Each structure stands twice: as C-alpha cells, then as structure tokens.
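Here's the structure, in structure tokens; my notes come after.
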Amino acid sequence: MTTEEKSKVSSEPIPIPVTARTSEVFRFNAKWVAYLHATSAYAAFLVALIVGSTLHYHKIVQNSSYGYPDEWFPSVSATIGDRYPERSIFQILIAVTAGPRFLLLIFNFIRLYKPNTFLPYIAIISGILRTFTCGGFVYITSTDDHDWHDIFMISYIILTIPWNVAITLLSDKKSIQRSGRFYTSISFFGTLIPLIYWFIQHKVHVRAGAYSIYAYFEWALIILDVAFDTWSIVDFKDIDIVFEGNGISLNSTVPTPKVSEKQTPLTANDEFTTFEFIINSINSFIFWSVITSLILCVWYFPLWHMGISGYEAAVFALFIPIIILIIPFLRNLLAKIPFVTRTLTVLFGIGAYKIEDPEQKLLAITAGTSFGVISLVVELGALSTQPKKFLSFITTFIIGLTATSTAKYLNYSNNPIWAIMHQENGGFNEVGIVIGLLGSLLTPRLNANTFAKLPIQGGSFLLAAIGVGGYMFTIHSYLSDTSTLALWTWEGFPIIGPTPITAGLINIGSIIIGILLSLSGSPIIESSLYNIFLGGGSATILYFFKGWLGYLGASVYTIYIASISPLIWKSTIGYNSGLLFFIGFFYYVVLALASVWIVAYAFVPGGFLLRERTDIILASSFISILVGVFNYNVRFNSKGRNTSPLNFKSCTLVKQSLVVLSILLAITGYGFNVRYNNPYQKPYNEASKSFTAGIWCVHFGLDNDMWSSEIRMRNLIKEAQVDIIGLLETDTQRLIGGNRDFTQTIAEDLGMYVDYGPGPNKHTWGAALLSKFPIINSTHHLLPSPVGELAPAIHATLDIYGELIDVVVFHSGQEEDVEDRRLQSLGVQEIMANSTRPLVLLSYLVTEPLQGNYNTYVSEKSRMYDIDNTDWDRWCEYILFRQLKKVAYARISRSTITDTELQIAKFKLLTDQEKLEDDQPFLYGNNYIDENTIDENLRMPQLFRGDGVRGHRYHVFDEPRYFAQDKSQVHSEGEQEEQEVEEGQVEEDYEQ
C-alpha cells in the first residue's frame, strides 16, 4: 500500500457498533449530555444565589468579622449551605446533575481514549473521585462539619489538576476544544492566586470587604470549572446514542490519529566540559537552597496561627508552574534562554532576604521556587536525548544537594543563604547571590530540538512520575542535612552513637560513595537484590535500631539513595517532561504534607490518619523509589537486554565528580576539626558554687519577623548567665523545619553539653537540655497522650560541683486535651518521685498556679516545691525544685525572639548542716530575700534592670525602672503598667 493510500485510509471514520442494527426507536447526539450537565450545574448555583439573595441577603453576606454594608457579596459556601430553602433547592438541582455527570465521564473516556498511555485511565479515575468529593462538600456543609467540608473541597481542587491535564492532553491536537480547555484550565488555576490572597486578607488581616472580593473569585472558579467540561459539546458531536429494538448502541466517527514515521535519534556528539559541570553544580546548589527555604518559611505561618493558615498554598509552586511546559513554544523558548529562569530563581529565592515583611518574603521565595522548578524540568527534558550531558546534569543535581548539606554543617545546620538569614544572624546572602548569578548567567544554552520524544518500549509514565516524586522527597527529607539521620538514632547520655558533629564526615562520605557507585556502571545497582534487600534492609535498620547500629543502617541507606539517582532520572526519558514532572512533584508535595501530618495531627483535618506513622512515610517513599527503579528495568533492562541510552562509563565525569566531591569532603573535614575540638566552658558562677537554671519555649527557632533566632537566643542566655537551660519546641530536624538544629549554635558557642531530646522520628515538637555541667546520664520519655500531641521529657543527671543533681525538662500537651495533661502530670510526678537526688524541673505545664494538675506536680509524692507560688501570672512555664537552696528567681521578657518569656532561677547546693534541716521552710518557701543581704556574686545580672537591653528586662515583679527625665509610662508584654518612681529611690529586691 502506498503512502498516499495509507493516508486516505487513516482519514476515514471508524464505526463503533455496539449491537447489530434492528429497528431504530430513538436517537440523540451525545452533545446534549454536555449541554444538560452545564445547564443543571449552572442552574443549581444560580438559582441558589437568586433565592438566597432575595430571602436572606444580609445573613448570607455576614461573616465572622463583618456584615453589610462592609460585605456585600455572598460566598459560594454561604449561598448553598447555610439557609433554607436555597440549600435544599441547590442540593436537588445538583443531584439532577449527577446523571449527566457520569455519562459525561463515560463518553469522554470513549471519545478521547488512546492506546499505550495511562492518560484515559487517569482522567476517568480522577473524574469519578472528583465527582464524589463534590458530593462531599455539597452535602456536608461547613455548618455541618467544617473540617470534612474543607477536606472534600481541597480534595476536589487537587483532583481537578489530573482531570484537567489528562483531558486537555487527550483532546485532538490543534482543535478548538483543546485550546479552549487549556485556556479555561489556566484561567481556573490562575484564579486561585487572587482567591488565596483575598482569603488571607479576610482571615489574617481581617480586612473589611475582603471576603466579598474573595467571593467574586470563588464564583469565577465555579463558572470556569463547569465551562471546562462544557467543551465536551464539541467532542461529543461525533457520538450518537441510538435506542433500538434490542438495546442501545453508540455510533461514532472518530478520525484515526496519524502516526509519525520519524523518530528523533539520540544526539551522538554531546560532550560536556568541566565548565558546564561546575556551572550546573552551582545552579543545583542554588535550587536546593531555595526549595528547602520555601517549606521552612511556609511553616512560619501555621506556627503563629496554630493551624491551617492559607499560606500553605505556596507549596503549589513546586508543581503548578510546570503546566506551562506543555506549551511547545514556551518550552522551546525557555530552553534557548535558560539563564533567564535561573537568574530569576536567584533574585527571588535568595534575594528574598532583603524583604522584611514575612508575607512578601514568602511570596518572593514562592516565585523563586517556581522559576527553579521550571529550570530543572526544562533542562532535564532538553538534555534527555544527549546521554553524556544528561548523566552529567543529574550527577550535579545531587552534588548541589551535597554542597548545601556541607554549607549547613559549617554553619551549624543553617544554610547561610536562606532568606531567614542575614548578616546579624550569620548569613552570607550577598555571597550566595553573587555565586548564584555567576552560575545562572553562564548557564549553557540548550538545543530545543532535543525535546523530541524517544522511542518508548514498555514501562509506565505513571510509575516514572511516582519514582521521581518519592526520590525528591527522600533526598530532601533525609540527605539535606548531615545531622538529620544521626538524630533519628540519638538516645541521650552516655553517648552510644554519632552526634551531629561526628556524623558530618560519615554522612558526606556516604553520599560520595553512593555518587561514585552510581557512576561505576555496575549492573548490581539495577538488581532486585541490591534495591530490595540493601535499600529496604538498611531503611529497616534505621527505623528499628538506635545508636551506632541504627546509624550504620542510616549510612548504608544514604549510600543506596545516592547510588540509584541515575536510574530514577533515566526512567523519565522519552515521556512528556512537563506532564511527568507535574505529577511527580505533585506526589512529592503529597509525601511532604504527609510527613507534617504525622506530628501535626492535632492541628490539621484528618490528622489522626497519619498520627505517629513515620513508618508509613518512610515505607511509602522507599516503595516509590522501587517503583521508579522497576520502571527503568522494564524499559531498558528487561529480558536480559540492555537498551538504556545512558549505559556507559565516562572517565571525564568520574574525574570531575571526584574533584568536586573531594573539595566538599575536605571542607567538611575542616569543619569537623574546628567543631570537634571546641572546648567546654566553665559555669558562670563557679566561684560562688551557685548555678542558674532556665526554661524557654523558643518556637522552632524562628522569631516574630521570620529570622532564624538562635544567635539572639544565645546572646540572651549568655547575658542572663544561664548554666542549665531547657529549650522547648526544638524539633526542626524535619522537612518543615528546614532540617536544621539550632541547639548546635547555642551549645557550641557557649561551650555547653547538649541533649537534643527525642529525635525527629519520635513525633514530638521537641525538647532539649543544654548544660555547662557534664551530663552523666539522660533518658528520654514520651508521656501518655491518647488524644493530643505527644509530650516529650528528658530526665538527666548532671555533675554539679561534684554532686549529682537531676534535671527534668518537660513539655506538656495542649490546653484542649484535658485528659492527656492529667495523665502526663502523673507520669512526670512518677519520674520525680522515683529520683532520690536533688532535682530541678524545667517545664511547660499548661496550668494555672495552685490549681488542677499543678497540685500533682507540686505534691507530697513528688516532694517538689514551686520556685514562687505567689507568682500568679504564669500559665505555661514553671520551675520546680527540691533539696536545693533557692537564691533568686526572675522572668525576662522575650522581645521579638519568640512568643514566650525566659524564666530563670539561681540555686546553691545545700551544706551538710542544711541537709540535716531539710524540712525547714526557709530553704524552699516563698520567702522574701533582701538582695543587700547576699553577696554580689549571687545576685541576678544587673543588665536587665530598668528598661533592660534590646527589649529584654525583668518584669511582672514590680521592678522599678529609672529614666533620665520625668516619670514615664511603661509597656509590658501586652499590658500597660504605670509606676511612680522618685529620683534617687533605692531599688527594692526583685526576687521573692
């Protein structure tokens, strides 16, 4: 058959008979299904809006903050779910839409079906799930159950992504419906941006009229959502539904897709230079610095809102921008000018540190992340047909991550070019911008023609995407800091495993071994034995064992993760890069959110489903990687043949990698030498044989203005001369915390021993103990929490001036979980009662003085005394003690470091005579101590008297303050107090 004849045949319609024809009873075109779907859906919303506005206008425009005339337009939720009869009318009409809806799904599957692709199945599955989630938020209104209403609503929007993408890509190329669906979809997702902005204006800034403007965009989403499905009218013109005497049949005339006879071969000459290798490594370093800062900065907002804030939508920057890459013109254009998106990544992502306002800073980082992801996907797609350059590029991708980990090791686990850093807290942002611009502006120009697809034999587009998503999550969560996996295995003192200092060299060394193994070309990496048993076995050891054995599992798992990197990226070759990475990064975000849910379950909808399930997250990410490796083997290494376009050894690449990795290892070795030899410092009041203990809830090391706060914390702890301090809310060694550990800066700068407390795999918000005195032994506890958040505790024994003293650091559960807090108080009481030594409790108890659980902590069984039971203005932080002599107690205002003050107490050890008089009240009671009667070296630092320094001062205890001029009104921690102070008046003692 000639080519002309083939073309003629291919253009002929294909009949799709279902049954043999008999007498025709009735026939109608399937386009009327789409018409009926659009009409009933629009009518449901429009009629509800008209009825609601007519009968209850002022009520449905009312929200929690404002009513008419400040608000004038009702939201969709208020219109369809709050009032009778509009609610019932809407639900009846939307129920009528169900029939046409399911028919629309079926006919779309039939009309748009294409062989050898998962897209039709993605469309039908997401479409069905989307329909049921629509029913969920329609029939469970926010008034009925706010959480489930939101869960169904968010799920519906998320499912809209695969539905829209799949249906658009399945539409006939260059057809009006494909263009219409594309622009409708872009408009839909574009509307989400102002929608989120105005919701924040309403919810966070409580701005009058914001909710009405938000409602405009909410209604626009409804119009666009239904309009997307209405384009099916054009498709369905090809389908007739015929009712016949013996059944129903479909008649369809769909043109046969023309198959291209040309395949773009691999580019033979694709040598890369050392210059390109270095530039790509720099770009990768910048990419990882920006992407890790995004989720860290997102975390700031739910912290202050104690729940979902709306700013979490910024994570869409990880996958939404990739949608534009399905447009060939834009994809090819960006390939020709890769320096543009790389430069914008630097300017927005790294340059965001110049922005003071947290919201605007997050917006800039979000933009930077978007451009960074676009750059990555464009370059991967353009290089996928150039084997040597592709392998070089994916090698530099993980080298860039290793470089960020090395930089963090040198900077005590903070990336010095993050937007939460600046000169005052140890940042090197300007250096980062210069290096980043150097890399971006010199980014090699790509050949847009290489985007042409390669032959795809076997394998699965979806499996490749899942592999990419799982791998991105894994390297981000576990390899972006040298100390993360070390703290998974940390069990306290005496030390039986690695510390963040000793783990640094091992971790970087493990990544280097893995990278070199990946370049060796060894077939063992592709084997099931290697992937299932070595990878899965090491992950199992990491999860179940502690100390050096657990860290051995962590190191082997690190080697494994680094070594299979090429297989994951190779498995993506030949597919539509925009769509594949869209789904892959979407899955990456799903895993990232799931990793938050395991510890934030008390603050998020449906949190109980993943409560304390690190095992599920670790297993899911590992299985996802196996899926990616399996897809590679099916495509390139099945039936004993090896057809991978990237199976070759490059001596040049190995040499380049060795040079760069050796430099990184040498830098890490230098950091290890400096940090390991850092000496411990003496207590502040060694001459008086006294010690100062403190408790402070530090809010995850982010201050009120979104700057990393450990330097400010260190300064206050040093100036307050605190020898022993319990820090709470310290678990930042997880993806949302930036995989950092701010106790390293404080402990090493002040020469203190540190117990990091329960690790990031223990599902707590964290508790840490820092001490100038040696920690002889420590035990970690997780107190009973049947309902709410886990309550961590550290029970440590310190050598204080030759005597063993116990210190307990404890963070109680939240206020809402009454039974949890009662059980936890009994647990801590038991710990204190079982100790036979003098003891100090540094705690966050969530109770009022002298009431409720307070009387469990301060009780005959615990034998503990309150540092000052007349201090009524404490709700959370308490210092309790026994068998020690109280010298002084004070509270120091926090300035803007955190949301909680620093409490400190000074103690002396009991003399032999005082031990015999242990029951005398003056040793423990709330007796007044005249400061003039004690030695100067036992007094609290004078620095915080009066107005104090940098917003830190003694407060609450009627502390007199002096001013150079006349009397003044003083503002104190949310309340105003006015004190009349005569010049020359002698200051009274501030301890009680």
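Numbers for the structure displayed
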{"read-out": "Top-ranked residue in segment 779-805 [being in contact with a His (Cβ under 7 Å, 6 or more places away or on another chain) and outside any loop (DSSP other than H, G, I, E, B); ranked as surrounded by the fewest Cβ atoms within 10 Å (Cβ to Cβ)]", "value": "Thr779"}
{"read-out": "Checklist (1) in contact with a strand residue (DSSP E or B) (Cβ under 8 Å, 6 or more places away or on another chain); (2) surrounded by fewer than 23 Cβ atoms within 10 Å (Cβ to Cβ); (3) free of Cβ contacts under 8 Å to residues at least 60 places away in the same chain applied to Ser893, failing item", "value": "(3)"}
{"read-out": "Residue list for segment 282-334, restricted to those being of a type in the set (D, E, K, R) and either in the same structural domain as Phe189 (by TED's automatic domain parsing) or in contact with a Leu (Cβ under 6 Å, 6 or more places away or on another chain) (or both)", "value": "Arg331"}
{"read-out": "Sole residue being within 25 Å of the chain's Cα centre (by Cα), of a type in the set (A, V, I, L, M, F, W, C) and within 30 Å of Gly701 (Cβ to Cβ), chosen from Ile374, Ile399, Ile435", "value": "Ile399"}
{"read-out": "Residue match in segment 323-330 (condition: modelled with pLDDT under 85, within 27 Å of Asp481 (Cα to Cα) and among the aliphatic types (A, V, I, L, M))", "value": "no"}
{"read-out": "Some residue of segment 108-128 being over 25 Å from Lys237 (Cα atoms), part of a helix (DSSP H, G or I), assigned by TED's automatic domain parsing to the domain that holds Tyr214 and modelled with pLDDT of 80 or more", "value": "no"}
{"read-out": "Qualifying residue in segment 665-675 (condition: modelled with pLDDT under 95, among the hydrophobic types (A, V, I, L, M, F, W, C), more than 30 Å from Glu271 (Cα to Cα) and under 26 Å from the mean Cα position of the chain (by Cα))", "value": "no"}
{"read-out": "Complete set of residues in segment 167-221 that are part of a helix (DSSP H, G or I) and among the small types (Gly, Ala, Ser)", "value": "Ser179, Gly180, Ser185, Ser187, Gly190, Ala210, Ser212, Ala215, Ala220"}
{"read-out": "Pick from segment 827-854, criterion in a helix (DSSP H, G or I) and over 39 Å from the mean Cα position of the chain (by Cα), ranking: surrounded by the most Cβ atoms within 10 Å (Cβ to Cβ)", "value": "Ala833"}
{"read-out": "Only listed residue being hydroxyl-bearing (Ser, Thr, Tyr) and in contact with a Leu (Cβ under 6 Å, 6 or more places away or on another chain), chosen from Thr54, Thr79", "value": "Thr79"}
{"read-out": "Odd one out for Gln824, checked against (1) surrounded by fewer than 24 Cβ atoms within 10 Å (Cβ to Cβ); (2) touching a Ser or Thr at 6+ places or on another chain (Cβ under 9 Å); (3) of a type in the set (S, T, N, Q)", "value": "(1)"}
{"read-out": "Glu748 vs. criteria surrounded by fewer than 22 Cβ atoms within 10 Å (Cβ to Cβ) and part of a helix (DSSP H, G or I)", "value": "yes"}
{"read-out": "Residue check, Asp705 surrounded by fewer than 22 Cβ atoms within 10 Å (Cβ to Cβ), assigned to a loop (DSSP other than H, G, I, E, B) and in contact with a Pro (Cβ under 9 Å, 6 or more places away or on another chain)", "value": "yes"}
{"read-out": "Candidates Pro523, Pro494 - the one that is farther than 25 Å from Ala407 by Cβ and at pLDDT 95 or above", "value": "Pro494"}
{"read-out": "Any pair with Cβ under 8 angstrom, 6 or more apart, that starts in segment 937-957 at a residue that is within 21 Å of Asp871 (Cα to Cα) and ends at one that is of a type in the set (S, T, N, Q) and surrounded by fewer than 16 Cβ atoms within 10 Å (Cβ to Cβ)", "value": "His955/Ser972; Val956/Ser972"}
{"read-out": "Condition check for Ile151: of a type in the set (A, V, I, L, M) and over 30 Å from Gln62 (Cα atoms)", "value": "no"}
{"read-out": "Residues of segment 326-361 satisfying the condition of being over 24 Å from Trp304 (Cα atoms) and not in a helix (DSSP H, G or I)", "value": "Ile327, Ile337"}
{"read-out": "Ile158 being within 24 Å of Thr191 (Cα to Cα), part of a helix (DSSP H, G or I) and not assigned by TED's automatic domain parsing to the domain that holds Gly307", "value": "yes"}
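Residues checked against (1) more than 37 Å from the chain's Cα centre (by Cα); (2) at pLDDT 90 or above; (3) of a type in the set (Val, Ile, Thr); (4) part of a loop (DSSP other than H, G, I, E, B):
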{"residue": "Arg891", "(1), (2), (3), (4)": "no, yes, no, no"}
{"residue": "Ile897", "(1), (2), (3), (4)": "no, yes, yes, yes"}
{"residue": "Ile904", "(1), (2), (3), (4)": "no, yes, yes, no"}
{"residue": "Phe907", "(1), (2), (3), (4)": "yes, yes, no, no"}
{"residue": "Leu910", "(1), (2), (3), (4)": "yes, no, no, yes"}
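Residue by residue, here is whether (1) of a type in the set (Phe, Trp, Tyr); (2) under 23 Å from Ser40 (Cβ atoms); (3) in contact with a Leu (Cβ under 8 Å, 6 or more places away or on another chain) holds:
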{"position": "Val138", "(1), (2), (3)": "no, yes, no"}
{"position": "Ile157", "(1), (2), (3)": "no, yes, yes"}
{"position": "Asn164", "(1), (2), (3)": "no, yes, no"}
{"position": "Arg178", "(1), (2), (3)": "no, no, no"}
{"position": "Tyr183", "(1), (2), (3)": "yes, no, no"}
{"position": "Phe189", "(1), (2), (3)": "yes, no, no"}
{"position": "Arg207", "(1), (2), (3)": "no, no, no"}
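The values are calculated or read from the model by the stated rules, or taken from the named source; none is laboratory data. These numbers come from a predicted model, not from an experiment. Using ideal geometry, Cβ is built from the backbone for each residue, glycine included, and neighbour counts are taken over all protein chains shown.
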